[in-house]
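Input: a single structure, listed below in structure tokens.
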């Protein structure tokens, strides 16, 4: 009886009555490849870049939150390194109002350098995130832990490496606690990205 009702339902194109299983083979739904699967190379590039930028934004927000929480807990002042880096870049670009020595700068110029230093930090975070977005498909077989460590190294090289190359800091003079603090901050930020 159930076969007869199922056959009738198949011929007439109606659903079988309740309680009777429909044994007709169902067609597989059409599934278009997503951008990440490489349907269009330009879309794949955009997909990877946008995900990398989003990861960079997330990591930068996490680093800022961690930094401000550390400042609130320990009562430490903000770092002078971003201002020094902004002033160094300004002097490299011959921007005279920003490249004055710290004692000769007006409060307005110091505030501008503070803003430029923060923007350099965002550019570093977004840039490393975009780098991850472009490289991640080729290193997808690596576990996230190792990708996070690799990314922490790239982040440190991009930020602290640039600062030491421009003579604004010297990692050889850092204490063990300084190294631990910087490494933990970079690893926590990059753990968000990986």
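Where a number appears in this text, it was derived from the coordinates with a stated rule and is not lab data. Please read these numbers as outputs of a predicted model, since none were measured by experiment. Reconstructed Cβ throughout: ideal geometry from the backbone, glycine too, with neighbour counts over all protein chains shown.
What the table shows:
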{"item": "Linear extension gain, residue 65 paired with residue 140, 0.36 nm per residue minus alpha-carbon span", "result": "24.2 nm"}
{"item": "Listed peptides 170-177, 62-69 by packing density, highest first (mean Cβ within 10 Å)", "result": "62-69, 170-177"}
{"item": "Quarter of the Cα convex hull surface for region 49-123, i.e. its orientation-mean projected area (nm²)", "result": "6.1 nm²"}
{"item": "Backbone N under 19 Å from the residue 166 label point (7 Å along Cα→Cβ), restricted to region 116-138", "result": "116-129"}
